[in-house]
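A quick write-up on the structure given underneath.
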Amino acid sequence: MGNTQIEFRNVSFRYQEDMPWVLKDVSFTINNNEWVAMIGHNGSGKSTIAKLMNGLLFPQEGEILVDGQQVTASSVWDIRRKVGMVFQNPDNQFVGTTVRDDVAFGMENHGMARDLMLKRITESLEAVGMNGYERHEPHRLSGGQKQRVAIASVLAVSPQYIILDEATAMLDPKGRKEIMETIREVQSARDLSLVTITHDLLEVTQADRVIVMNGGEIWMEGTPRELFRKKEQLIEIGLDTPFVSKLAEELKGAGLPLTREPLNHQELLEELWTFHSTR
Amino acid sequence: MDISFDKVSYTYQPNTPFEHRALDEVSFKINSGAYVAVIGHTGSGKSTLIQHLNGLLQPTSGEVKVGEYHLKANEKNKQLRNLREQVGVVFQYPEHQLFEETVAKDIAFGPQNFGVPQEEIHRRTREAVKATQIHEDLLERSPFDLSGGQMRRVAISGVLAMDPRVLVLDEPTAGLDPNGQKEIMQMFHRLHKDKQLTTILVTHSMEDALAYADHIVILNQGEVYMEGAPLEIFKQQQALEDVQLDVPEVIQFVTKVREQLGVELEYTGQSIAELAKELTRIVKGDRVYE
């Protein structure tokens, strides 16, 4: 296939002509098989990017390419087969009266054959650990279960890219964990790129790459490790660093020369262990 | 205002196939001026509990006391209006409840309903927007032209303009960016101290419970599962894990340091900087742990 990526080329967008630009000359690429986290303060343009990616909105300037094909009103149905989206509010994305109907809905819209649909329903519910719930009513599920069904509905269409627009924001910690585990499993089992739009810094640490938005522009692109080194600048643009980064920073200040920017408890513990055992 | 729950049970749709007991003999006390965090999973009874605080729900059995107001099963409380004037509730996603043409009108709606004189409403509105850091220029704008974070602040201002003695906050920072979350939580903490409010915070965030509350009530399946001072509660990691709740990240980390490095380290409310100093001392020298 060669050209498997989402590409934003000098994209600018505003909701109305007399309104300020929400995105200003934004260019980036989401590569095949990559997990990219997108963060930024409220109103920084993250969700607009998500909506541009699968043709819910179209840019006034620049172009967006999915696998080399430009996102336009006429290509939008091809694009949406490739780019699936999971939204924030689990209650706003159900149409079916049973879990099974709901997972089938997207496939019906794409005119898929019944046999294939039945197979995909089973496969995708299995992938999110919701097999056995086929005949349950979606609105009676927990928040985490609802979002897993929403992910299954997207998987069933077999997209190459899945965008999760603050998909864990309305869930409790248990639901959040369920979703993050599901996402990790799905991504490692399938040939998929993920874009997760989030405020959750722990979610960010798990991504391959981070794009930070600020005031409609890309503020930074890099690995989570590179990002959390910029502690003060992050706070200036309304963001924060995880606990581990804050502690690492203070440890350096207290005279402990850490060798790298730790991303999680284990990495920091290993560093501490090294100092502890070699002194 | 002192608040107490005495064996409060609440059943939704009693005597039907959908009968569901959301609260089961819940008893606890909140002293006037306390900042209490109520924690529990979705479905643990938190929302049912807070709806008793301003009489939106009436106990199926047992008794709720909020200051001088008593709520009992099968007993009509004629003072509900007064109770609601004293207990301000910030519901989840309160910006969904905005409806007026201008920010000022929306903030004034509550106090107007309670017959507060116009002059006083003006005074309270100015005070409320100052507390929530809404620019006075926005008062004549439509609330629907504002950003999500600003809308949240307008909705909160509407509750503050009631000048309540008790503030009930149901996940007030959900959906905000990290900076917005911190600002809102610090604002409530300031109000709590300045106005000597009794504050009840419903949250999933153990970090917020640790940072702001002086008492924690943990609900599980409609019952009080644990209750106590934050540091005491968070010492019981296993008991919390049994109901799938975590301890705050700093405490998780301190526990790992203690277990994996085999050193003496206890979380007693240190700041991150203090913790870093202590850790440095431990790993670098002063064999304090031997």
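The values are calculated or read from the model by the stated rules, or taken from the named source; none is laboratory data. Here the structure is a predicted model, which is why all the values come from computation and not from measurement. Here Cβ is always computed from backbone atoms with ideal geometry, including for glycine, and neighbour counts include all displayed protein chains. Side chains are part of the model used for accessible areas, which takes the heavy atoms of the whole protein and leaves out ligands, DNA and RNA. Shrake-Rupley method; radii C 1.70, N 1.55, O 1.52, S 1.80 Å.
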Write out, first by first residue and then by second, each pair whose Cβ atoms fall under 6 Å of each other, whose residues are 6+ apart or on separate chains, and whose first residue, in region A:100-121, is surrounded by 13 or more Cβ atoms within 10 Å (Cβ to Cβ) while the second is among the aromatic types (F, W, Y).
A:D102/A:F94
Quick check: anything in region A:174-196 touching a His at 6+ places or on another chain (Cβ under 7 Å) and either open to solvent by 10 Å² or more (accessible area, probe 1.4 Å) or among the aromatic types (F, W, Y) (or both)?
yes
Taking the stated definitions as given, is A:S158 surrounded by fewer than 20 Cβ atoms within 10 Å (Cβ to Cβ) and out of contact with any Ser or Thr (no Cβ under 8 Å at 6 or more places or on another chain)?
yes
Hey, A:D165 buried (at least 19 other Cβ atoms within 10 Å of the Cβ), in contact (Cβ under 8 Å) with a residue 24 or more places away in the chain, charged (D, E, K, R) and out of contact with any helix residue (DSSP H, G or I) (no Cβ under 6 Å at 6 or more places or on another chain) or not
no
Within region A:1-47, how many residues are not β-branched (V, I, T) and not in a loop (DSSP other than H, G, I, E, B)?
19
Given the criteria open to solvent by less than 50 Å² (accessible area, probe 1.4 Å), within 22 Å of the chain's Cα centre (by Cα), at pLDDT below 90 and within 11 Å of A:V149 (Cα to Cα), does A:G129 qualify?
yes
A:W219: touching a residue at least 24 places away in the same chain (Cβ under 8 Å), among the hydrophobic types (A, V, I, L, M, F, W, C) and not in a loop (DSSP other than H, G, I, E, B), yes or no?
yes
Can you confirm whether region B:176-199 contains a residue that is under 22 Å from A:L201 (Cα atoms), surrounded by fewer than 17 Cβ atoms within 10 Å (Cβ to Cβ), within 8 Å of another protein chain (Cβ to nearest Cβ) and at pLDDT below 95?
no
Of those in region B:242-264 that are facing chain A (nearest Cβ under 7 Å) and not in a helix (DSSP H, G or I), the residue farthest from A:N264 (Cα to Cα) is B:Q244
Report, ordered by the first and then the second residue, all pairs with beta carbons closer than 6 Å, sequence separation of six or more or different chains, a first member in region B:268-281 that is touching a residue at least 12 places away in the same chain (Cβ under 8 Å), and a second member that is surrounded by 14 or more Cβ atoms within 10 Å (Cβ to Cβ).
B:I272/A:K246; B:I272/A:L247; B:I272/A:E250
Checked B:N31, B:N77, B:N15 against criteria (of a type in the set (S, T, N, Q), at positive phi and surrounded by fewer than 16 Cβ atoms within 10 Å (Cβ to Cβ)); the one match is B:N15
Could you look through region A:207-261, keep only residues that are farther than 15 Å from B:T280 by Cα and of a type in the set (K, R), and pick out the one that is nearest to the other protein chains (Cβ to nearest Cβ)?
A:K231
Being touching an Asp or Glu at 6+ places or on another chain (Cβ under 8 Å), among the charged types (D, E, K, R) and more than 22 Å from B:G175 (Cα to Cα) narrows A:D25, A:D102, A:D67 down to just A:D25
Return yes when B:G262 is in contact with a strand residue (DSSP E or B) (Cβ under 7 Å, 6 or more places away or on another chain), surrounded by fewer than 21 Cβ atoms within 10 Å (Cβ to Cβ) and free of Cβ contacts under 8 Å to residues at least 40 places away in the same chain and no when it is not.
no
Taking A:L118 and the conditions (1) more than 21 Å from the chain's Cα centre (by Cα); (2) assigned to a loop (DSSP other than H, G, I, E, B), which numbered condition does it fall short on, given that it satisfies the others?
(2)
Which one is modelled with the highest pLDDT among residues in region A:1-41 that are loosely packed, with under 15 Cβ neighbours inside 10 Å and of a type in the set (G, A, S)?
A:S27
Any chance B:K277 is within 7 Å of another protein chain (Cβ to nearest Cβ), out of contact with any Ser or Thr (no Cβ under 6 Å at 6 or more places or on another chain) and more than 24 Å from A:T241 (Cα to Cα)
no
Can you name the residue in region B:222-236 that is of a type outside the set (A, V, I, L, M) and open to solvent by less than 50 Å² (accessible area, probe 1.4 Å) and, of all such residues, is nearest to B:H52 (Cα to Cα)?
B:G222
Scan A:E250, A:E232 and give me the residue that is surrounded by fewer than 17 Cβ atoms within 10 Å (Cβ to Cβ), under 21 Å from B:K182 (Cβ atoms) and out of contact with any strand residue (DSSP E or B) (no Cβ under 8 Å at 6 or more places or on another chain).
A:E232
Would you be able to tell me the number of residues in region A:262-272 that are in a helix (DSSP H, G or I), in contact with a helix residue (DSSP H, G or I) (Cβ under 7 Å, 6 or more places away or on another chain) and either more than 12 Å from chain B (Cβ to nearest Cβ) or open to solvent by 10 Å² or more (accessible area, probe 1.4 Å) (or both)?
1
The condition of being in contact (Cβ under 8 Å) with a residue 12 or more places away in the chain and within 14 Å of chain A (Cβ to nearest Cβ) holds, among B:H20, B:H52, B:H41, only for B:H41
